[in-house]
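Down below is the structure, laid out as structure tokens.
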């Protein structure tokens, strides 16, 4: 059994006066890919932000066995990387400079990037196939190209835990497949990936799945488990069906 | 071309333009270029060049550098391309601070004592910082562009009205306040230059040290926090740099609009780099812009002269309109 990478006990969170999460208990194992799915407004993104320590919440959080609040911000930034959705646009920076921001936790204050930083950035940009436009500002890129640069920024951190909110936004099918390979390689190398996904079929390729509804976790289990498939069909009001095609589990519309 | 090399070229060009304009500024004035030629033998000519034209020209460059820096910091800090010291109300706050200081100390902008200059500058700094704070409270943060700009305009109008009240209560400062509100470099002496140079040094170091926070913020609040950046203290430092730059510039030259807005935009249209370089380039660009405008203001109606604030307001207002038009047509095209 793998040790626990991210742990949450009795987590409740509100945005403004609006309660979003209600008493969530979650143990996400290390060196595995967990996908979080659920209908719109289920609280998936809020949960991910809380797990990353980016949103205040009641309850106990732990990262790699240590209480999250006890880890200094800089050290936490080295252990956990975050890729959000629709945050800043960084329009004015060149792709290379954007990816280099992922190396901030590694650099001493005011020190210029070291050779290791340049190497990590190049590797990350090549992984997401964004190396060719490294000198172009984000403002001149399409939505999918921009997303690949932002993904490279998160990869460049080289953290043990990577949390991603809607990482496939704007990616075309071939690059969704590339993303899948990237995540698989990270997990094979001992990394932990947690991703909120709307693309249920891609989410089913993960190791484990957390299914949320109305601010609660309704199911947490292996992706190839029958109980997970039943819970998935249930939470989407039986408007999707989970079927196996060529050995892969897929979510199809029920027509 | 690699953006970093392009930025270096841009900096070299701006420095070259600065030197050319400084030479030009020393030559332009009611007594013409002859004063420069005769300054070695005639004490009056030497005084005109050395004690009037040179500090004034240098002062215009420094005030522009401060405003350009303030504009770049404001736009990065508030993640808002339309933020500038003027639109955020900080310039009005600085002017109010200056008016209160003049009313209290009974001084005019011509006053040459160190401590009164420092007093006016200090009050302008407090006014600028207070105004930014007020704008942020009214706008409930920086997220909403329109609310931020509206709050800035409201703060500017209210603080402007307060300044009028201060002027009415102490009519003896009316004369000096008028040139102050129009924005002019004609009262800038060596002392004002020294003050602005010192403030520019402090603000540049502060902004340079905190530039990484501005880079991180371009990715959004959550991502910047996830990178381990201590955002709260960095924000305080950046607002302090913004207020010090605006306050010092306004205390010496009065209200000069749009330099802080236009300089970072012009830089971005030439080269897009991280804030470490962007702030330096914007500062140089602001300096070149204001010095060029100042020379133009002295030359257009010579031997009369135009307050440079009037000129930058007219030119800068047009530029802002064009910028907004371009942004609207761009966003409707998407």
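Laboratory data are not the source of any read-out in this text; all were calculated from the coordinates shown. Here the structure is a predicted model, which means the values were calculated and not measured. Virtual Cβ from ideal backbone geometry, glycine too; neighbours counted across all protein chains shown.
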For a test of the definition: using alpha carbon positions, the gyration tensor, and the 1.5 limit on a/c, classify segment A:90-151 as rounded, prolate or oblate. prolate
Cα gyration tensor shape for the protein assembly as shown, rounded if a/c is under 1.5, else prolate or oblate: prolate
Tell me what the protein assembly as shown gives for mean residue ellipticity at 222 nm when only DSSP H runs of n ≥ 4 count, each as -39,500 (n - 2.57), the sum divided by the residue total, rounded to 500 deg cm²/dmol. -18500 deg cm²/dmol
Taking each pair of different alpha-carbon atoms in chain B once, compute 1/r for the pair, average those values, and report the inverse of that mean as the Kirkwood hydrodynamic radius in Å to one decimal. 20.1
Can you list, bin by bin at 5 Å, the percent of alpha carbon pairs in segment A:27-82, starting at 0? 4, 16, 27, 27, 18, 7, 2
In nm, give the distance between the simple-model label positions of residue A:169 and residue B:19, each being 7 Å from the Cα along the Cα-to-Cβ direction. 4.9
With equal scatterers on the alpha carbons only and no solvent term, can you work out the Debye log10 of I(q)/I(0) for segment A:129-218 at 0.10, 0.15, 0.23, 0.26 1/Å? -0.28, -0.62, -1.27, -1.48
What is the average number of partner chain Cβ atoms found within 10 Å of a Cβ in B:223-236? 6
Measure nothing fancy, just the Cα-based angle from helix A:226-235's long axis to the longest principal axis of chain A, in degrees from 0 to 90, nearest 10. 90
Given segment B:152-271, what whole percent of its Cα pairs are spread farther than 23 Å? 48
Counting all Cα-Cα pairs in chain A, those more than 34 Å apart amount in percent to 16
Nearest 5 percent is fine: what portion of the DSSP beta bridges confined to segment A:73-211 is antiparallel? 10
Just the number, please: Stokes-Einstein D of segment A:1-59 in µm²/s, Kirkwood Rh from C-alpha pairs, 37 °C, 0.692 mPa s. 270
For residues of A:92-104, the mean tally of beta carbons on other chains within 10 Å: 5
Can you tell me, using C-alpha contacts under 8 Å and at least 6 residues apart, the relative contact order of chain B as a whole percent? 31
Over what distance in Å are the Cα centres of segment A:137-177 and segment B:162-236 separated? 37
Taking all pairs of distinct alpha-carbon atoms in segment B:239-334, Kirkwood radius in angstrom: 14.8
Using only alpha-carbon positions, what ratio does the radius of gyration of segment B:75-201 give when scaled by 2.2 N^0.38 Å? 1.10
Please average, across the residues of A:71-77, the number of beta carbons from any other chain that are within 10 Å of each residue's own beta carbon, and give a whole number. 3
Rank-order A:49-61, B:243-255, B:10-22 by packing density, defined as the average count of other C-beta atoms within 10 Å over each peptide's residues, highest first. B:243-255, A:49-61, B:10-22
With a ≥ b ≥ c from the Cα gyration tensor eigenvalues, square-rooted, and the rule rounded for a/c under 1.5, otherwise prolate when a/b > b/c and oblate otherwise, segment A:202-255 is oblate
